[in-house]
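**Student:** Mind looking over this structure? Questions follow.
The values are calculated or read from the model by the stated rules, or taken from the named source; none is laboratory data. As the structure is a prediction and not an experimental result, all values here were calculated from the model. For neighbour counting, all protein chains shown are included, and Cβ atoms are generated from backbone atoms with ideal geometry for every residue, glycine included. Please note that ligands, DNA and RNA were not included when accessible areas were found on the heavy atoms of the full protein model with its side chains. Shrake-Rupley method; radii C 1.70, N 1.55, O 1.52, S 1.80 Å.
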Amino acid sequence: MQSQSFERHAQLAQWLHSLVEILRTTGGATWEALVETVDGKTAIIHLDGVVLRVGAFGGEQLQVESAYPLAQTSVNFRSNGETLRDAIAGKLTVDAAVVSDKIYLRGNLQDLLGIHQIASGILADSAINPQLRRLWAEFDQSWFHPPSLPPCLPLEQQRPDSGDLIRQVPEDVLAIQVDLPPE
């Protein structure tokens, strides 16, 4: 179990480093916002039980270091893989995820606005950047998928909860099957 946890930490750290390198080579407004927002700062990221401390320094030559937090500290970002998958696929906006508590962010207003700008830029760039699309595909294939929910029962096997009126109908009447005449 410890080995699996270490592998997940290492994989998350690798993806974060790859994301930074992709943004560095692409340049542009997203890279500039990343440097301005994260330079000289440290954050604790919690994704599906994997906790990682990430620090950035170096200005335009931004270097990112990641480590496993030794002590319990305040988390700056918490979410899960399914929420990130939905945001990357365009099924959920970052704003909606934050409002619905699917993404938790902690920081001062300037940092939060910077993170929003970075996230929006990364998602917009993903539509045209094949490196980002490959990174997202690798994440989608490799990262933890929660067990799927059982399929819904067919309508014939579902009994609606219609309140007191339906409870007054005898069971034998509810069980009547009507066969339609052939056309």
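**Student:** Quick check, is Asp101 assigned to a helix (DSSP H, G or I) and at pLDDT below 95?
**Tutor:** no
**Student:** Same structure again: Name the one entry in Ala67, Ala89, Ala56 that is open to solvent by 60 Å² or more (accessible area, probe 1.4 Å) and among the aliphatic types (A, V, I, L, M).
**Tutor:** On the way: Ala67 fails: open to solvent by 60 Å² or more (accessible area, probe 1.4 Å); Ala56 fails: open to solvent by 60 Å² or more (accessible area, probe 1.4 Å).
Answer to the check: Ala89.
**Student:** Please count how many residues of the stretch 70-85 are assigned to a helix (DSSP H, G or I) and either open to solvent by 50 Å² or more (accessible area, probe 1.4 Å) or among the aromatic types (Phe, Trp, Tyr) (or both). Explain how you work it out, then say what you get.
**Tutor:** Of the residues in the stretch 70-85, the ones assigned to a helix (DSSP H, G or I) are 81-85.
Okay, now just the ones that are also either open to solvent by 50 Å² or more (accessible area, probe 1.4 Å) or among the aromatic types (Phe, Trp, Tyr) (or both), so 82.
Selection size over the stretch 70-85: 1.
**Student:** Say we look at the stretch 111-148 and pick out the residues that are among the aromatic types (Phe, Trp, Tyr) and outside any helix (DSSP H, G or I); which of these is least open to solvent (accessible area, probe 1.4 Å)?
**Tutor:** Only one residue tops the list, namely Trp143.
**Student:** Now, a different point. Starting from residues that are in contact with a helix residue (DSSP H, G or I) (Cβ under 6 Å, 6 or more places away or on another chain) and open to solvent by less than 60 Å² (accessible area, probe 1.4 Å), keep the ones in the stretch 93-103 and report whichever is nearest to Ala33 (Cα to Cα). Spell out the reasoning first.
**Tutor:** Let us first name the residues in the stretch 93-103 that are in contact with a helix residue (DSSP H, G or I) (Cβ under 6 Å, 6 or more places away or on another chain), namely 94, 97, 102-103.
Then drop every residue that is not open to solvent by less than 60 Å² (accessible area, probe 1.4 Å), which leaves 94, 97, 103.
Values: Val94: 17, Ala97: 21, Ile103: 20 Å.
Here the residue is Val94.
**Student:** Could you list, in sequence order, the residues of the stretch 34-53 that are surrounded by 14 or more Cβ atoms within 10 Å (Cβ to Cβ) and either among the hydroxyl-bearing types (Ser, Thr, Tyr) or at positive phi (or both)?
**Tutor:** Those that are surrounded by 14 or more Cβ atoms within 10 Å (Cβ to Cβ) and either among the hydroxyl-bearing types (Ser, Thr, Tyr) or at positive phi (or both): Thr37, Thr42, Asp48.
**Student:** Something else: With closer than 23 Å to Ser142 by Cα, touching a residue at least 12 places away in the same chain (Cβ under 8 Å) and open to solvent by 50 Å² or more (accessible area, probe 1.4 Å) as the only criterion, which of Arg106, Arg24, Arg8 stands out?
**Tutor:** Only one candidate qualifies: Arg8.
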